[in-house]
Amino acid sequence: MTIEIILELIGYLGSLLVIVSMLMTSVVKLRFFNTVGSVIFCGYALAIHSYPTAAMQVCLIVINIVNLYKLNNIEKEYSAIDLNSDDSFLSHYLSAYSEDIKKYFPDFTGAESKDLILLITCEESPAGLFIAKAEGNGQYNAKLDYTTPAYRDCSAGKYLYNHLKQYGIKSVITETKIPAHERYLKKMGFKPKRITGDKNDSPNYYMQFEKKFL
């Protein structure tokens with residue numbers, strides 16, 4: 001394989017990462033992959049002596065780094081709003097994000113009148129929705145813990161579970177068969193509790209998690 005072919009492959013890799021970054025729903029992931037792609041493509045541009053292209057990539061790298069710094073270091077102001085199961089905004093929210101909710105909560109069927117329903121907002125913008133059913137003795141079963149794509153840096157989740165302490169909740173349990181949701185739960189301090197079914201039989205496979213509040 002010649003040097004020219006290797007350089008071409010590097011250029012294609014950089015371009016591919018930039019394109020893939022545009023498909024990311026998370027702003028943080030978008031900026032990160034865009035930066036990596038720009039770094040690779042910048043190296044390619046320098047290698048072929050395309051200095052205007054390299055200069056443009058350097059500008060993109062700087063812009064992405066600045067925005068990543070802001071996203072990770074500027075503290076977001078969250079708040080929680082109690083909703084009722086018949087709230088019109090709740091219906092609108094669930095409808096607007098129905099397809100994305102199904103990806104992470106395929107068995108979610110809706111809220112009931114006795115459920116604890118919290119809308120998490122960030123500077124008046126909807127950031128997430130939490131719906132849980134009381135099981136007695138301070139234990140709640142989380143039916144939905146959804147975060148809108150723009151706020152999937154775990155900050156909304158951290159606020160939520162800190163806020164739940166105000167309700168006298170002793171523990172929250174939930175089940176999932178979605179790997180991405182499982183990773184989120186572990187970041188939120190949930191511990192594996194029980195496995196139902198076999199991973200090879202995905203419709204019947206669930207991992208139960210529990211988070212206890214001291």
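Where in the chain is the longest stretch that carries no GluC sites (Glu not before Pro) classed as loop by DSSP and with at most 13 other Cβ atoms within 10 Å?
125-214
As a test of the formula, what do you get for the chain when each DSSP H run with n ≥ 4 contributes -39,500 (n - 2.57) and the sum is divided by the residue count, at 222 nm and rounded to the nearest 500 deg cm²/dmol?
It lands at -14500 deg cm²/dmol.
Using the scaling law 2.2 N^0.38 Å as the reference, what is the normalised Cα Rg of the range 99-214?
So the range 99-214 has a normalised radius of gyration of 1.03.
Over the Cα atoms of the range 20-94, what radius of gyration and what Dmax do you get, in Å?
Looking at the range 20-94, its Cα Rg and Dmax stand at 19.3, 63 Å.
Which of ASP145, ASP86, ASP115 ends up with the largest GNM mean-square fluctuation for the chain, with Cα atoms connected below 10 Å?
Top of the fluctuation ranking is ASP86.
How large is Rg over Rh for the range 1-56, taking Rg from the Cα atoms and Rh as the Kirkwood inverse mean of 1/r across Cα pairs?
Taking Rh as the inverse mean 1/r over Cα pairs, Rg/Rh reads 1.05.
In square nanometres, what is the average projected area of the Cα convex hull of the chain?
Here the figure is 15.6 nm², rounded to one decimal.
Normalised by the residues of the range 16-145, what does the relative contact order come to in percent, with Cα pairs under 8 Å and at least six apart?
Relative CO of the range 16-145 lands at 16 percent.
Run down the lysines and flag those whose C-alpha is under 22 Å from the C-alpha of LYS102, throwing out any fewer than 8 positions away in its chain.
Once the sequence-local lysines are set aside, what remains near LYS102 is LYS29, LYS133, LYS143, LYS177, LYS186, LYS187, LYS199.
Stick to the Cα atoms of the range 28-150, pair each with every other, and give me the Kirkwood hydrodynamic radius in Å at one decimal.
Final number for the Kirkwood radius of the range 28-150 is 17.6 Å.
Using unit Cβ charges (K, R positive; D, E negative) and no other charged atoms, how large, in debye to the nearest 20, is the dipole of the range 31-136 about its Cα centre?
700 debye
Read the figures in this text as sums done on the coordinates, not as results from a lab. All of these numbers come straight from a predicted model, not from anything done at the bench. Cβ sites come from the backbone with ideal geometry, for glycine too, and all protein chains shown count toward neighbours.
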